[in-house]
Amino acid sequence: MYGQVPPSEVKTSENRTRNMLLEASEAHFKSHIKKHQANIEVLLRHTVGLAEHPDIMETIEKELEIMAEYDDKLEMLKKYF
């Protein structure tokens, strides 16, 4: 029939889509972790002249909280999918 895809091809297509979404999610989470890790490195190495961050420890803690959130998401993705 016109427009119908054999069941075997549907499964293959679904698996490809699933894998693409899982890989994209993993890359997304990892990139956010790297971004916030880089922010912390900048704060640690260049503390002079960071007037917009008067409380560097608080700023680092916020960056770590964001990293932890994405790390948790990454672990849940790996654990359950």
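The values are calculated or read from the model by the stated rules, or taken from the named source; none is laboratory data. The structure presented is a predicted model; accordingly, all values stated were derived computationally and were not measured. We place every Cβ from the backbone using ideal geometry, glycine too, and count neighbours over all the protein chains shown.
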Is it true that Leu44 is at pLDDT 95 or above and hydrophobic (A, V, I, L, M, F, W, C)?
-> no
Selection from the range 1-18 of residues of a type in the set (Gly, Ala, Ser) and either assigned to a helix (DSSP H, G or I) or modelled with pLDDT of 90 or more (or both) yields Ser8, Ser13
Could you tell me whether any residue of the range 19-35 is among the hydrophobic types (A, V, I, L, M, F, W, C) and at pLDDT below 95?
-> no
From the set of residues in the range 55-81 that are among the acidic types (Asp, Glu) and part of a helix (DSSP H, G or I), which is modelled with the lowest pLDDT?
-> Glu58
Does at least one position in the range 47-54 carry a residue that is assigned to a helix (DSSP H, G or I) and either modelled with pLDDT of 95 or more or out of contact with any Cys (no Cβ under 8 Å at 6 or more places or on another chain) (or both)?
-> no
